Amino acid sequence: MSDRLRKLNLDVLGIGASLICAVHCAVLPLLMTVLPLLGLEMFKNEKLEYGLLSFTFLVGCTSLFRGYRYHHHYVKPLLLFALGFVSLLSGHFLAAAYWELLLVSTGALLVIIAHVWNLRECRNCRICNNDGMEQ
């Protein structure tokens, strides 16, 4: 079990969670009138939205902090993630309806960019590559 957790790529999981969150937040207002007819009220559930936001936050913090600490020591992916998550939260809780889609989409895009950047830097890790060459 522990080996599976180490091999689990949290950046890919974070990208997927951010994409799901962005699609959920962008498509839901368009489908609001059709959902009750299809019996899919669960997608309108606030608990689902809180769950997606929490999952995105936990995976992002774990993945980006682990990449920062053990691999690349670049702060920019962490800052992009923080800015993106603040944008997600602002769009969800603070913004007027006409700003919500822009803030949520921008936030999700910044979170995805932070994960991609972290993933790229972890794969090009000088620390890990040097350790592998010395053995």
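Listing for the model above:
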item: Those residues of the stretch 109-124 which are of a type in the set (A, V, I, L, M) and modelled with pLDDT under 85, in sequence order; result: Leu119
item: Scope the stretch 93-104; condition in a helix (DSSP H, G or I) and either modelled with pLDDT of 85 or more or hydrophobic (A, V, I, L, M, F, W, C) (or both); matching residues; result: Phe93, Leu94, Ala97, Trp99, Leu101, Leu102, Leu103, Val104
item: Residue in the stretch 21-37 that is at pLDDT 80 or above, in contact with a helix residue (DSSP H, G or I) (Cβ under 7 Å, 6 or more places away or on another chain), crowded, with 17+ Cβ neighbours inside 10 Å and over 22 Å from Cys122 (Cβ atoms) present; result: no
item: Number of the exception - Val59 against (1) in contact (Cβ under 8 Å) with a residue 40 or more places away in the chain; (2) surrounded by fewer than 16 Cβ atoms within 10 Å (Cβ to Cβ); result: (2)
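Rundown of residues vs (1) at pLDDT 85 or above; (2) part of a helix (DSSP H, G or I), yes/no style:
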{"position": "Leu13", "(1), (2)": "no, yes"}
{"position": "Leu19", "(1), (2)": "no, yes"}
{"position": "Leu52", "(1), (2)": "no, yes"}
{"position": "Tyr74", "(1), (2)": "yes, no"}
{"position": "Gly84", "(1), (2)": "yes, yes"}
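The values are calculated or read from the model by the stated rules, or taken from the named source; none is laboratory data. Everything numeric here is computed off the predicted structure, so don't read it as measured data. A quick note on method: Cβ atoms are made from the backbone with ideal geometry, for glycine too, and the neighbour counts reach across all protein chains shown.
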